[in-house]
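Worksheet: the structure to be examined is printed underneath.
Derivation of every value follows stated rules applied to the coordinates shown; laboratory data play no part. It should be emphasised that the depicted structure is a prediction, and the values quoted were computed from it without experimental measurement. Please note: Cβ atoms are built from the backbone with ideal geometry, for glycine as well, and neighbour counts cover all protein chains shown.
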Amino acid sequence: MEVFAFSLFNGVLYGMLLFMLASGLTLIFSMMGVLNFAHASFFMLGAYLAYQISAYVGFWPGLVVAPLIVGVVGAAVERWGLRPVHKFGHVAELLFTFGLAFVIEEVVQLIWGKVPMPYDIPASMNFAAFSWQGLDYSAYRLFMLVISVAIFAALFLFIAKTRIGLIIQAALTQPNIVSALGHDVPRIFMWTFGFGCALAGLAGVIGGNVLGTEPAMAITLGPIVFVVIVIGGLGSLWGALIAALFIGIVDNLAISYDLSAYPLFAAFGVERDVAGFMQDLVRLTTASIAPVLPYFLLVLILIVRPRGLFGTRDV
């Protein structure tokens, strides 16, 4: 029972970290209609900046400063990069952000190199918050969970309940009317994109010291983030939350229990020592297929419901 409980807890934590990363992308897409392929690169940039800042002034200033820097960089990218190519359509935007991801990766490697950075958990939270059945759970992981929940609540209230959120939503569907009312629509889009990138940077700050800060972190998490927003539904904040939690829990349970596929094959009379291709199938375990489970779920969702669980538009 304790294995299940801690697997569930770790799954929720990993899922909320995925949501924090996906929330910025969901915000950008729902507000602007832009699918940012470089979003995970801003996550990586936030982790590296936090590492550099914390090396001089500590973790807590980095928690504030690094996302702000990433947000400003994101706003600059929208102003001088995305805005000029916006008139050429979504394909041009996708190609631009796809190329931007490689540029950010090369810049990171040029400045910090190709080896992992020693970005550690802050000493003030590097202790066990509680123990249960002989297993310890760190205070920093609880801190990550609290931050993730706070971001979801703040985003939901910001988009649905504030005047600024309503203006941003209206600017996407009726930009001419919003502009006629005296609002600067291009500036709204610029800072919306910057805010979404800042959320990715914040995820990098609090997740980089747990997942590891190295140049491949964007490539590793980037595809999973798109799986989350597609399963949840493009532009749906609730969908991104539920999909991220589901993926995080399924992934951790599959790894923790590491169930074998052999009993399933044995029910059909297949022997354990079978030769050839079937031998690889018989030896499969849930831990070995855990990395592909999110993509399997993605395929199922696209077949059954192309718009995702809570989406309002097809992929």
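Residue order for ASP251, ASP184, fewest other beta carbons within 10 angstrom first, comes to ASP184, ASP251.
Close amide H pairs (under 5 Å, H built 1.01 Å from N) link SER138 with ALA129, residues at least 5 positions away or on another chain.
Could you put LEU245, LEU27 in order, starting from the residue whose Cβ has the fewest other Cβ atoms within 10 Å?
Details: LEU245 20, LEU27 24.
Final ranking by Cβ density, sparse to dense: LEU245, LEU27.
Relative to its Kirkwood radius, the Cα radius of gyration of the range 1-92 gives an Rg/Rh of 1.10.
Building the convex hull from the alpha-carbon atoms of the chain and averaging its projection over directions returns 19.7 nm².
Using a simple spin-label model with points 7 Å from Cα along the Cα→Cβ vector, what separation in nm is obtained for ILE219 and ALA128? Going from the ILE219 label point to the ALA128 one covers 3.8 nm.
Quick one: compute the contact order of the chain, relative version, from alpha carbon pairs under 8 angstrom and 6+ residues apart, as a percent. Walk me through the numbers on the way to the answer.
On the way: 477 pairs, mean separation 102.2, N = 315.
That works out to 32 percent.
Take 113-121, 14-22, 218-226 and order them by the average number of nearby Cβ atoms within 10 Å per residue, most first; the result is 14-22, 218-226, 113-121.
Multiply the residue gap between TRP80 and ASP136 by 0.36 nm, knock off their C-alpha separation, and tell me the result in nm, one decimal place.
Details: separation 56, 0.36 × 56 = 20.16 nm, distance 4.81 nm.
Gain in length upon complete extension: 15.3 nm.
Computed from the Cβ-Cβ distance with R0 of 22 Å, the FRET efficiency linking GLU106 to TYR56 stands at 0.35.
Protection proxy ranking of 185-191, 152-158, 95-101, 74-80, by the mean of other Cβ atoms within 10 Å over each peptide's residues and highest first, is 74-80, 185-191, 95-101, 152-158.
Radius of gyration over Kirkwood radius for the range 85-213, both on Cα atoms: the Rg/Rh ratio is 1.09. Taking each DSSP H run with n ≥ 4 as -39500 (n - 2.57) and averaging over every residue of the chain yields -23500 deg cm²/dmol at 222 nm.
From the Kirkwood radius over Cα pairs of the range 74-152, Stokes-Einstein at 25 °C and 0.890 mPa s returns a whole-number translational diffusion coefficient of 147 µm²/s. Using a simple spin-label model with points 7 Å from Cα along the Cα→Cβ vector, what separation in nm is obtained for PHE88 and SER260? Each label point lies 7 Å from its Cα, and together they span 5.6 nm. Principal axis extents of the C-alpha atoms in the range 73-117 (largest first, rounded to whole Å): 39, 18, 12. Amide H to amide H distances under 5 Å link ASN36 with no residue, where only residues 5 or more positions off or on other chains count and H is placed in the peptide plane. For LEU293 and ALA180, a Förster radius of 35 Å and the Cβ-Cβ distance give a FRET efficiency of 0.10, rounded to the nearest 0.05.
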